[in-house]
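Inspection log for the structure reproduced underneath, given as structure tokens.
The values are calculated or read from the model by the stated rules, or taken from the named source; none is laboratory data. These numbers were taken from a predicted model, which means no experiment stands behind them. For neighbour counting, all protein chains shown are included, and Cβ atoms are generated from backbone atoms with ideal geometry for every residue, glycine included.
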Amino acid sequence: MNQARDVSRRWQLLAIAAVIVYLIWLLAPVLMPFAVAAMLAYLGDPLADRLERWGLSRTWAATIVFLVLLIVVVGVLLLLIPLIARQVENLVNNLPRYGDWGQNVVWPWLQAKLHLDPHTFDSDRLLQMIKTHIGSIGDVATMVLGKVSRSGVGIVVWLTNLVLIPVVAFYLLRDWDRLVARIDGMLPRSLQPTIARLVRESDKILGAFVRGQLLVMLVLGVFYGAGLELAGLSVGLLIGMLAGLLSFVPYLGFIVGFIAAIIAALVQFGDWTHVLLVCAVFAVGQLLEGYVLVPKLVGDKIGLHPVAVIFAVLAGGYLFGFLGVLLALPAASVIIVLLRYLIERYRMSELYTEQGSEDPVIAEVDVDVSPDGKVDPDTIVVSTPRGRPDE
């Protein structure tokens, strides 16, 4: 009876999980601002808790954290947007130089090293095609802007989200502990200890990764951007910010940023001095990340493998769009904790702990052999456990 009840409960939980996933997929566009607000509230909750321990009320603590986050975000945007826009413009203006460098330097080198037939790839024709179609970019941009201007609903939605996200984030931050306590009070009492333990472990993994990795991304972005700017690269800040942004996947930010910076240095300067400067910047950045930032801010036992991070982000984005990207890491941390819990239960089950018989069976054969060496066909086989011979 109890076994049937457990099976029924498991099916009910699976059905509830399936309904939740379907609703998330169905309501993904609507849930996106709420997911962003919940992520901001989750990131700010530890600081609000610390302010509460210093004697402030939850409302004042949430207000201070919210204002600090708002000032930081607005300040960073006001500082970076003009710089990045200027470097993007510089990159676009220098695209012909990159094309000429690829045609005059990279392609001859590839032909010499890989013994390629020059007629298999007509670089002149490709460049001519690009120049021919560049003129249509303005027409495409005009068409897109026209559709956007006519799509009043889209503009209203974006403006609504822009206002809705900070408002919802503030209220979630203010009532975070109350919401957690209310959800905890609604859990079945028989399952509450197990669910509470799993939630704590998920929070430990997710908090260590998200909060720590965000700081790592920020520090690396600033370091790479400043270092490449000091090295003289005209797009150094853009490449540095890209490398920092992609560093949430180990080595991805380093590889992409390093290759882009090497190409930019060769195109802009064409000497090995600036290439060595770029190598020095990324070498110091890797030492800083591996020996200081990750051990201090993230730790080495968070449980999120780099492959799991990549798969979670790609799968979440494919299934649920931008909302899936936001929910990818929380979902991955929960799945990892659930898998650990299932493995723990399996190792405690009879299926894993059950052992075979300690007394192996030995076959004793009673053979009658005639004087001429023939074996009597009526041989008797007697099986007795080892250590307990038949008396």
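Can you go through GLY102, GLY75 and tell me which one is in a helix (DSSP H, G or I), free of Cβ contacts under 8 Å to residues at least 60 places away in the same chain and under 32 Å from the mean Cα position of the chain (by Cα)?
GLY75 is the lone residue from the list that is in a helix (DSSP H, G or I), free of Cβ contacts under 8 Å to residues at least 60 places away in the same chain and under 32 Å from the mean Cα position of the chain (by Cα).
Taking the residues in segment 285-301 that are part of a helix (DSSP H, G or I) and without any contact (Cβ under 8 Å) to a residue 60 or more places away in the chain as candidates, determine which candidate is farthest from PHE258 (Cα to Cα).
LYS296
For segment 180-193, which positions are surrounded by fewer than 12 Cβ atoms within 10 Å (Cβ to Cβ) and assigned to a helix (DSSP H, G or I)?
Within segment 180-193, ALA181, ARG182, ILE183, GLY185, MET186, PRO193 meet the criteria.
Hey, does segment 10-29 have a residue that's modelled with pLDDT under 75 and closer than 30 Å to ARG200 by Cβ?
Yes, segment 10-29 contains a residue that is modelled with pLDDT under 75 and closer than 30 Å to ARG200 by Cβ.
Can you pull out the residues in segment 105-143 that are under 36 Å from the mean Cα position of the chain (by Cα), of a type in the set (A, V, I, L, M) and at pLDDT 65 or above?
Result: VAL106, LEU110.
Just checking, which of TRP54, TRP25 is surrounded by 13 or more Cβ atoms within 10 Å (Cβ to Cβ) and of a type in the set (Phe, Trp, Tyr)?
None of the others qualify; the one that does is TRP25.
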